[in-house]
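As structure tokens, the structure follows; a few thoughts come after it.
The values are calculated or read from the model by the stated rules, or taken from the named source; none is laboratory data. Since we're looking at a predicted model, the values are computed, not measured. Methodologically, a virtual Cβ is constructed for each residue, glycine included, from the backbone with ideal geometry; neighbour enumeration extends over all protein chains shown. These area figures cover heavy atoms from the full protein model, side chains too; ligands, DNA and RNA do not enter into them. Shrake-Rupley method; radii C 1.70, N 1.55, O 1.52, S 1.80 Å.
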Amino acid sequence: DVKVTQSSRYLVKRTGEKVFLECVQDMDHENMFWYRQDPGLGLRLIYFSYDVKMKEKGDIPEGYSVSREKKERFSLILESASTNQTSMYLCASRVGAGELFFGEGSRLTVL
Amino acid sequence: AQSVTQLGSHVSVSEGALVLLRCNYSSSVPPYLFWYVQYPNQGLQLLLKYTSAATLVKGINGFEAEFKKSETSFHLTKPSAHMSDAAEYFCAVSFSGNTPLVFGKGTRLSVIA
């Protein structure tokens, strides 16, 4: 079975902390994505990656960075967390034009 | 800019009634179209997808959707709602092979006993 695993389901951090959200997929997919989900706003794309060490900005990259050192792992980094980054973060992967496979999500609260 | 519009942020139906969730996209190019479902505290799960084969697409849990190019629509239907269908539903579009999916804002479906 296809699996996308996000390292933490729930996190609570303080303003100014550095936050790492990890995502691992076991399907050998080239493409990986980070979305943010907020009520009434749907899913918004933060960053995506088509290959190792490659990254592309999505619609809302400000305040975020990413790292993809290995094909199966795509990390989202909040350099200095702020309260407006409190949200649900969803990682996904796909091959070509196929469907997206999602992780369970990481719910981040920034106090 | 490419966009996806889901009409109605919240739809409520009685158990056994028809479910109709609306999705329209903006493009003159035939897209790849998807419907996803999200149950509380879970990630998104694929319901069905259209990739330029048959215009009527059948998915899991009795859902289906029809691609209508002239109306740029991809509405999701189910003949008879079940309590377990209560969830949030997202329509998504990809306008070329490798571009990221663009999601609608979602429709929350409530099913009343």
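When the range B:40-57 is examined, which residues are found to be closer than 25 Å to A:SER106 by Cβ and either more than 10 Å from every other protein chain (Cβ to nearest Cβ) or in contact (Cβ under 8 Å) with a residue 24 or more places away in the chain (or both)? Steps first, please.
Kept after step one, since they are closer than 25 Å to A:SER106 by Cβ, are these residues of the range B:40-57: B:40-47.
Selection gives B:PRO40, B:LEU44, B:LEU47.
For B:VAL93, all conditions in the list (1) within 16 Å of B:THR5 (Cβ to Cβ); (2) out of contact with any Pro (no Cβ under 7 Å at 6 or more places or on another chain) hold save one; what is the number of the exception?
That leaves (2) as the condition not met.
Mind listing whichever residues of the range B:18-28 are within 17 Å of B:CYS91 (Cα to Cα), outside any strand (DSSP E or B) and open to solvent by 40 Å² or more (accessible area, probe 1.4 Å)?
Passing the criteria: only B:SER26.
Return the residues of the range B:58-83 that are in contact with a strand residue (DSSP E or B) (Cβ under 8 Å, 6 or more places away or on another chain), free of Cβ contacts under 8 Å to residues at least 24 places away in the same chain and on the phi < 0 side of the Ramachandran plot; say none if nothing qualifies.
Selection gives B:LYS58, B:ILE60, B:GLU64, B:GLU66, B:LYS68.
Take the conditions modelled with pLDDT of 95 or more and more than 16 Å from A:ARG9 (Cα to Cα) and apply them to A:GLU99. Does it pass? Can you show your working first?
Numbers: modelled with pLDDT of 95 or more: no; more than 16 Å from A:ARG9 (Cα to Cα): yes.
In short, no.
Of the numbered conditions (1) facing chain A (nearest Cβ under 10 Å); (2) without any contact (Cβ under 8 Å) to a residue 40 or more places away in the chain; (3) open to solvent by 70 Å² or more (accessible area, probe 1.4 Å); (4) touching a Phe, Trp or Tyr at 6+ places or on another chain (Cβ under 9 Å), B:LYS105 fails exactly one; give the number of that condition.
The number of the failed condition is (2).
So, in the range B:1-17, of the ones that are aliphatic (A, V, I, L, M) and within 14 Å of another protein chain (Cβ to nearest Cβ), which residue ends up surrounded by the fewest Cβ atoms within 10 Å (Cβ to Cβ)? Before you say what the answer is, go through the steps one by one.
We begin by selecting, within the range B:1-17, every residue aliphatic (A, V, I, L, M); these are B:1, B:4, B:7, B:11, B:13, B:17.
From what is left, the residues that are within 14 Å of another protein chain (Cβ to nearest Cβ) are B:1, B:4, B:7.
Details: B:ALA1: 5, B:VAL4: 23, B:LEU7: 14.
Result: B:ALA1.
If you take the residues in the range B:87-102 that are in a loop (DSSP other than H, G, I, E, B) and crowded, with 17+ Cβ neighbours inside 10 Å, which one is farthest from the other protein chains (Cβ to nearest Cβ)?
Kept after step one, since they are in a loop (DSSP other than H, G, I, E, B), are these residues of the range B:87-102: B:95-101.
So of that shortlist, the ones also crowded, with 17+ Cβ neighbours inside 10 Å come out as B:95, B:100-101.
On the way: B:PHE95: 10, B:PRO100: 5, B:LEU101: 6 Å.
Residue satisfying both the conditions and the ranking: B:PHE95.
Hey, any hits in the range A:49-63 for a residue that's assigned to a loop (DSSP other than H, G, I, E, B), touching a Phe, Trp or Tyr at 6+ places or on another chain (Cβ under 9 Å), farther than 29 Å from B:SER3 by Cα and away from chain B (no Cβ under 11 Å)?
The answer is no, given that none of the residues of the range A:49-63 is assigned to a loop (DSSP other than H, G, I, E, B), touching a Phe, Trp or Tyr at 6+ places or on another chain (Cβ under 9 Å), farther than 29 Å from B:SER3 by Cα and away from chain B (no Cβ under 11 Å).
Quick one: in the range B:38-86, which of the residues that are exposed (fewer than 12 other Cβ atoms within 10 Å of the Cβ) and under 23 Å from A:TYR35 (Cβ atoms) is farthest from the chain's Cα centre (by Cα)?
Per the stated criteria, the residue is B:ASN41.
Going by the structure shown, is B:LEU18 within 14 Å of the chain's Cα centre (by Cα) and not small (Gly, Ala, Ser)? Write out each step before concluding.
Details: within 14 Å of the chain's Cα centre (by Cα): no; not small (Gly, Ala, Ser): yes.
Judged against the criteria, B:LEU18 is not a match.
Name the residues in the range A:17-36 that are in a strand (DSSP E or B) and within 11 Å of A:ALA92 (Cβ to Cβ), would you? Don't jump to the end; show me each part of the working.
Here is the first cut: in the range A:17-36, the residues in a strand (DSSP E or B) are A:19-21, A:23-25, A:31-36.
Scanning the range A:17-36 gives A:CYS23, A:GLN25, A:ASN31, A:MET32, A:PHE33, A:TRP34, A:TYR35.
Among the residues that make up the range A:4-12, is at least one of them within 22 Å of B:SER94 (Cβ to Cβ) and either within 11 Å of another protein chain (Cβ to nearest Cβ) or in contact with a Gly (Cβ under 8 Å, 6 or more places away or on another chain) (or both)?
Looking for residues that are within 22 Å of B:SER94 (Cβ to Cβ) and either within 11 Å of another protein chain (Cβ to nearest Cβ) or in contact with a Gly (Cβ under 8 Å, 6 or more places away or on another chain) (or both), one finds at least one in the range A:4-12, hence yes.
Select, from A:ARG73, A:ARG68, A:ARG94, the only residue that is modelled with pLDDT of 95 or more and surrounded by 20 or more Cβ atoms within 10 Å (Cβ to Cβ).
Checking each option against the conditions leaves just A:ARG68.
Could you check the range A:8-53 and list, in sequence order, the residues that are surrounded by fewer than 21 Cβ atoms within 10 Å (Cβ to Cβ), among the polar types (S, T, N, Q) and within 14 Å of B:GLY43 (Cβ to Cβ)?
If the condition is that a residue be surrounded by fewer than 21 Cβ atoms within 10 Å (Cβ to Cβ), among the polar types (S, T, N, Q) and within 14 Å of B:GLY43 (Cβ to Cβ), then A:SER8 is the only one that fits.
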